[in-house]
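K.L.:
Can you keep this structure in mind? I'll have questions shortly.
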Amino acid sequence: MLPLLLTFAAPLLAGPGEDFFEAKIRPVLVEKCYSCHNAKLKSPFGGLVLDNAASFRKGGDSGPAFRPGDASGALLLEALRYTSLRIKMPPTGKLPDTVIADFEAWIRMGAPDPRAGAPAAETKKPQMDLSEGRKWWALQPVRKPPVPAVRNLPWVKSPVDAFLLEKLEAKQLSPAAPADKRAFIRRATFDLIGLPPTPAEVAEYLNDTSAKADERLIERLLASPHYGERWARHWLDLVRFAETNGHEFDNDKLDAWRYRDYVIRAFNEDVPYQQMILEHLAGDQLPAKRVSRDGRFYESPLGTGYLWFGEVLNSATDSVKTRTDTVDNQIDVTAKAFLGLTVACARCHDHKFDPIPSADYYALFGIMESTRFSPVSATTTIEDEKRMQDLQSLKENVRKAIATNWNRDNQLTQPVNAFFHTDNPVAPPCTIIGDFRQNSFGNWKADGLAFGTRTT
């Protein structure tokens, strides 16, 4: 079910370049530039208009502002950097270096700009009626529609075929002829596992003349470990999976591969989509965590790792803003991946065309902002937890026994091994191998489970 959902969700999302423009470039233009460089002015400063894509690229009296993809010698960057005596923009003061770096990065990626045509005339937008907006068809639960009636019934092998054929017949078109077996196995193999079929696999399928040859082929491909590797790539794109932090130093995100492999296993093990959502949003809080097939670790907490893949700034000068941007990125990814909506627009104002008020955005912001990353062991199993409980119980027994048998001369009235009894399943008879009541421990050092209740 998940690959089908992804197929519908992915086209709804803007490209990464346009997202970058909306998040990093447009707000600066609106705040710092539009007042002097907009199409409504009779004489824009320097003949430069910045409130639409075409005019921005064209430039003003001094020539093109930049060449998309090439930041070298860009007049725009020269003005922003204050390196020219003839032009320094904005005139109210130089922008932060990080903002200038954003403009340079935007130009290098081809200057993507979704603002098509001249800006429309301003009209007062009525306040959105949320109750009506949430009745829109796109926000309704998915319902099973009636299967349409078609003329060429023998061609229909499944309800999906009927929907396709209805549109073809409406245009007076006929379906294409079925693919031959060699084409079918090639298409199915590329589609499901992203690899071509081997000569032996082709020969086996061609020699299978039974009625279930196609079914056996598809089942074999779905059972391949390459199926999860192929389809997990699309989900990893949605959650902006990366193994480094980005920004100038681009440090590694240690153990990021654990989330990647978690997604691959989820596809290969046919984990229900609803379970995937729960594990992403609260995998570490679920009362019953999903255990890996080999029983070595919990799967559920690994799902929350998607919140960690945003860009990490080095030595951020404004830690509050950096934290706010991090949470905004988490909200943006969560909404796009699970809802197919650009909820992050409501960070600055009620959404312009979806029934999402800023109040909803900041309600979600409060949840995300109050969440903190906490490293935990990725290999904790039920057996490990039982050992932890046994160890904790053992320590409690020792602590109580010592308190009871400690005399006023700071000495124990009986040896430590006397505190354990054979009828206690978690406190077997012990032999003293080290006495840590002195200031010097000799060659002993703390390691592993011996001096704590955690595995890390």
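K.L.:
Contact order normalised by length for segment 252-344, with contacts defined as Cα pairs under 8 Å and 6 or more residues apart; what percent is it?
P.N.:
Details: 74 pairs, mean separation 19.4, N = 93.
Once divided by the residue count of segment 252-344, the mean separation gives 21 percent.
K.L.:
In whole Hz, what ³J(HN,Hα) sequence does segment 395-400 give by Karplus (6.51, -1.76, 1.60; θ = phi - 60°), x for Gly and Pro?
P.N.:
Result, rounded to whole Hz: 5, 5, 4, 5, 4, 5.
K.L.:
Per residue, how much accessible area does segment 123-223 have with a 1.4 Å probe, in Å²?
P.N.:
Dividing the accessible area of segment 123-223 by its residue count gives 81 Å².
K.L.:
Of all chymotrypsin sites (Phe, Trp or Tyr not before Pro) in segment 237-290, which ones are in loop regions per DSSP and have a Cβ with at most 16 other Cβ atoms within 10 Å?
P.N.:
PHE249
K.L.:
Quick one: which residues, 5+ away or cross-chain, put their amide H under 5 Å from the amide H of GLY283? H built at 1.01 Å from N.
P.N.:
Under 5 Å from the amide H of GLY283 lie the amide H atoms of THR304, each far enough along the sequence or on another chain.
K.L.:
Say the cut-off is 30 Å between C-alpha atoms; which of LYS144/LYS212; LYS24/LYS144; LYS135/LYS253; LYS289/LYS321; LYS40/LYS352 go over it? All intermediate terms of the calculation are to be shown ahead of the outcome.
P.N.:
Working: LYS144/LYS212 28 Å; LYS24/LYS144 41 Å; LYS135/LYS253 42 Å; LYS289/LYS321 35 Å; LYS40/LYS352 22 Å.
From LYS144/LYS212; LYS24/LYS144; LYS135/LYS253; LYS289/LYS321; LYS40/LYS352, over 30 Å: LYS24/LYS144; LYS135/LYS253; LYS289/LYS321.
K.L.:
Something else about it: Report the local net charge at PRO44: Lys and Arg +1, Asp and Glu -1, summed over other residues whose C-beta lies under 14 Å from its C-beta.
P.N.:
+1
K.L.:
Would you mind checking which residues have amide H under 5 Å from THR244's amide H? H placed 1.01 Å from N; only 5 or more apart, or other chain.
P.N.:
HN-HN under 5 Å from THR244: LYS253.
K.L.:
While we're here: Quick one: with all protein chains in place, what share of the accessible area of segment 176-292 is carbon or sulfur, to the nearest percent (1.4 Å probe)? Walk me through the intermediate numbers first.
P.N.:
On the way: 3820 of 7000 Å².
Whole-percent figure for carbon plus sulfur exposure: 55.
K.L.:
Oh, and also: Cross-link candidates for LYS94: which aspartates and glutamates have Cα within less than 20 Å, leaving aside residues fewer than 8 places away along the same chain?
P.N.:
Output for LYS94: GLU31, GLU78, ASP102, GLU104, ASP318.
K.L.:
Using the 2.2 N^0.38 Å rule of thumb for compact globular proteins, work out how segment 127-232 stacks up: its C-alpha Rg over that value, please.
P.N.:
1.53
K.L.:
Taking segment 237-345, which trypsin sites (Lys or Arg not before Pro) meet the DSSP loop condition and have no more than 15 other C-beta atoms within 10 Å?
P.N.:
Hits after loop and neighbour filter: ARG293, ARG296.
K.L.:
Taking amide hydrogens as modeled 1.01 Å from N in the peptide plane, which residues meet the under 5 Å criterion relative to VAL291, leaving out close sequence neighbours?
P.N.:
Under 5 Å from the amide H of VAL291 lie the amide H atoms of GLU299, each far enough along the sequence or on another chain.
K.L.:
So between HIS247 and GLU369, what do we pick up on full extension, going 0.36 nm a residue minus the alpha carbon distance?
P.N.:
Result for the pair: 41.8 nm of gain on full extension.
The values are calculated or read from the model by the stated rules, or taken from the named source; none is laboratory data. On a predicted model such as this, the values are computed, not experimentally measured, just so you know. Cβ sites come from the backbone with ideal geometry, for glycine too, and all protein chains shown count toward neighbours. Heavy atoms of the whole protein, side chains included, go into the accessibility calculation; ligands, DNA and RNA do not. Shrake-Rupley method; radii C 1.70, N 1.55, O 1.52, S 1.80 Å.
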